[in-house]
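As structure tokens, the structure follows; a few thoughts come after it.
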Amino acid sequence: MGNETSACNLSDKAIAKLESAIGKEFVFLDMPHRAVRSAVPAPFPLHEWEKHIPDVVVMPQSTEEVVEIMKIANEFRIPVVPRAGATGLADGAVPLRGGILLDIKRMNQILEIDEANMTATVQPGVGMMELNKVLGRVGLFYPDDPASYPCAIIGGRIGSGGFSLIGGGFGHVPDLVISMEVVLPTGKVIRVGGGGGK
Ligand SMILES: Cc1cc2nc3c(=O)[nH]c(=O)nc-3n(C[C@H](O)[C@H](O)[C@H](O)COP(=O)(O)OP(=O)(O)OC[C@H]3O[C@@H](n4cnc5c(N)ncnc54)[C@H](O)[C@@H]3O)c2cc1C
């Protein structure tokens, strides 16, 4: 299993624990699921995606499941790379050392829209287009407009500290995010920022 640059300890025991934590159907060991998540659309000829195929892909749905994944990764010393839309141009979503590729696209719930305070509470896998469709129904919009707008996802926008042209008027991603729930590499959950929401 794995690839030539993988430096991880993905044992049968670790796989069994991942399957028990988030369900066998959301733990992918087959090559198509893994290979497709080694590539990014960055137009650079230097990429050697075949050398960066993750050992396993996991698709959790909740913070609790991410916590379990991080605890297992920590126990077995397996590298973890989160992946949103994978349009980042700095290879942040490429699993350079193999290991666990944590695809966040099932974490796609809009949890709350607070019209009075003009805030939205979302899971990280929500696409900006999707969020703006929902916000548009109440006359609001999320003012982030990168050229990758149709494919970039909230978690990846935050992960890459994104900017956009209309950010000159409304603020860029770091200005727009007022609080976050973060799972640390140990599995500990912290909340940062003073924002409201669920
Ligand atoms: C055609 C094109 C045009 C672009 N135009 C712009 C532009 O105008 N402005 C701009 O700022 N960028 C632009 N980009 C770059 C890219 O779209 C942005 O960097 C975008 O923010 C990445 O979002 P993503 O969902 O694809 O994230 P990904 O590439 O999947 O991830 C980005 C980083 O965030 C991390 N990450 C993802 N989810 C999480 C999570 N839940 N928790 C912790 N870490 C996480 C990843 O590991 C990675 O390090 C462009 C890219 C392309 C291909």
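Using a 10 Å cut-off around each Cβ, can you sort E50, E130 from fewest to most neighbouring Cβ atoms?
Details: E50 12, E130 15.
Fewest-to-most Cβ neighbours within 10 Å comes out as E50, E130.
Could you tell me how many cubic angstrom of Cα convex hull volume the range 85-125 has per residue?
On the way: hull volume 3.5 nm³, N = 41.
With only Cα atoms used, the range 85-125 gives 86 Å³ per residue.
Relative contact order of the chain: what whole-number percent is it, with Cα pairs under 8 angstrom and at least 6 residues apart? Working shown, then result.
On the way: 369 pairs, mean separation 38.7, N = 198.
Relative contact order for the chain comes out at 20 percent.
What does the charge dipole of the range 12-103 about its Cα centre add up to, to the nearest 20 debye, if the Cβ of each Lys and Arg holds +1 and the Cβ of each Asp and Glu holds -1? Don't jump to the answer; show the numbers that get you there.
Values: 10 positive and 13 negative charges, 39 e Å.
In total the dipole reaches around 180 debye.
For the range 110-193, what is the charge dipole size about the Cα centre, in debye to the nearest 20, if Lys and Arg each add +1 at the Cβ and Asp and Glu each add -1 at the Cβ?
Numbers: 5 positive and 8 negative charges, 39 e Å.
Computed charge dipole of the range 110-193: roughly 180 debye.
Using the basic label-point model (7 angstrom from Cα toward the beta carbon), what is the E50 to E115 distance in nanometres?
5.6
Taking +1 at the Cβ of each Lys and Arg and -1 at the Cβ of each Asp and Glu, which of S160, P143, G187 sits farthest along the dipole of the range 110-193 towards its positive end, judged by Cα position relative to the Cα centre?
Of the listed residues, the answer is G187.
Report the semi-axes of the equivalent ellipsoid for the range 110-193 in whole Å, largest first, where each axis is √(5λ) for an eigenvalue λ of the Cα gyration tensor. Don't skip to the answer; put the middle values down first.
On the way: eigenvalues 86, 50, 31 Å².
Equivalent-ellipsoid dimensions as semi-axes: 21, 16, 12 Å.
Please tell me the relative contact order of the range 12-103 in percent, rounded to the nearest whole number, where contacts are Cα pairs under 8 Å and at least six residues apart.
This gives 34 percent for the range 12-103.
Across the range 162-174, in residue order, what do the Karplus-derived ³J(HN,Hα) couplings come to in whole Hz, using 6.51 cos²θ - 1.76 cosθ + 1.60 with θ = phi - 60° and x for Gly and Pro?
x, 10, 8, 4, 6, x, x, x, 10, x, 8, 3, x
Could you work out the mean projected area of the convex hull around the alpha carbons of the chain, in square nanometres to one decimal? Kindly include the intermediate steps, with their values, before the conclusion.
Working: hull surface 46.0 nm².
Directional mean of the projected Cα hull area for the chain stands at 11.5 nm².
Laboratory data are not the source of any read-out in this text; all were calculated from the coordinates shown. All of these numbers come straight from a predicted model, not from anything done at the bench. Glycine also receives a Cβ, built like all others from the backbone with ideal geometry; neighbour counts cover every protein chain displayed.
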